[in-house]
Amino acid sequence: MKKIEVDLVRTKVYSLLKEMILNHELKLGEKLNVRELSEKLGISFTPVRDALLQLATEGLVKVVPRVGFFVTDVDEKFIRETIETRIMMEVFCLENYFERIASSEELLKIKEEIENVESSLKRDLFDDSDERLHKLFIKASGNDLIISLYEKIWDRIDLVRHLNERYIVSNREHKELIESILRGDKEEAVEKLKEHLRNVEEETIRNLYTYEKG
């Protein structure tokens, strides 16, 4: 029973620290003091250290031997590599599984949510529709390895996508992309997806140094 409780604490600490990194409550490049974090969270040293080690395997935290833990410091190379990988995976899936995506009921639900973002201008609604749309392309492949690999880099994608405030423009690009898919215009849809991801890349790089670092 004690092991279950320890595992629950570790899971909660992991989720909390991950959210703090993705929301930039913990700044890019910030040194993380394990004892200070454990005191702040009111828990022991061990689950905090274990959570940071797990986050390190996902690329959100960097471990420097004999120095300590740091939030991953995103630079231009990090952003370009992330977007390049997204283009490789998402465009491949859109091109090869276009019919499955076009006939998906999920696509229509996402389109409706995108229209809600247009009227409400809420960032959290955009984040949800953004994740669902891009993951739909991947899941349509039905290829467990592709899906697994994409999930492994999602945290990295999530970190990058919260480094810009272009969500209203991105939402419009999503709407145009979906309209191309629903019209059955694969060539146009593929070009719109590439253009969208490149736009995200360039805007994120432009805004990168407006974020305070720890």
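Of the residues making up the range 193-208, just one is under 17 Å from the mean Cα position of the chain (by Cα) and either free of Cβ contacts under 8 Å to residues at least 24 places away in the same chain or outside any helix (DSSP H, G or I) (or both), namely E202.
The rows are residues; the columns are (1) touching a Lys or Arg at 6+ places or on another chain (Cβ under 9 Å); (2) under 17 Å from S170 (Cα atoms); (3) among the hydroxyl-bearing types (S, T, Y).
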{"residue": "F78", "(1), (2), (3)": "yes, no, no"}
{"residue": "I83", "(1), (2), (3)": "yes, yes, no"}
{"residue": "R86", "(1), (2), (3)": "no, yes, no"}
{"residue": "L94", "(1), (2), (3)": "yes, no, no"}
{"residue": "A102", "(1), (2), (3)": "yes, no, no"}
{"residue": "L108", "(1), (2), (3)": "no, no, no"}
{"residue": "E118", "(1), (2), (3)": "yes, yes, no"}
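Taking first residues from the range 113-132 that are within 14 Å of E165 (Cβ to Cβ) and partners that are assigned to a loop (DSSP other than H, G, I, E, B), the Cβ contacts under 9 Å between residues at least 6 apart in sequence or on separate chains come to R123/E165; D127/H162.
The residues listed here are L37, L53, L17; of these, the one that is open to solvent by 40 Å² or more (accessible area, probe 1.4 Å), aliphatic (A, V, I, L, M), in a helix (DSSP H, G or I) and modelled with pLDDT under 95 is L53. Summed over the range 138-183, residues that are open to solvent by less than 50 Å² (accessible area, probe 1.4 Å), modelled with pLDDT of 95 or more and part of a loop (DSSP other than H, G, I, E, B) total 2. When the range 73-131 is limited to residues that are hydroxyl-bearing (S, T, Y) and open to solvent by less than 70 Å² (accessible area, probe 1.4 Å), the one that is nearest to L32 (Cα to Cα) turns out to be T82. Taking the numbered list (1) of a type in the set (D, E, K, R); (2) in a loop (DSSP other than H, G, I, E, B); (3) at pLDDT 90 or above in turn, E25 passes all entries but (3).
The values are calculated or read from the model by the stated rules, or taken from the named source; none is laboratory data. Remember, it's a predicted structure, so these values are computed and weren't measured experimentally. Virtual Cβ from ideal backbone geometry, glycine too; neighbours counted across all protein chains shown. Protein only, heavy atoms only, side chains kept; ligands, DNA and RNA dropped before computing areas. Shrake-Rupley method; radii C 1.70, N 1.55, O 1.52, S 1.80 Å.
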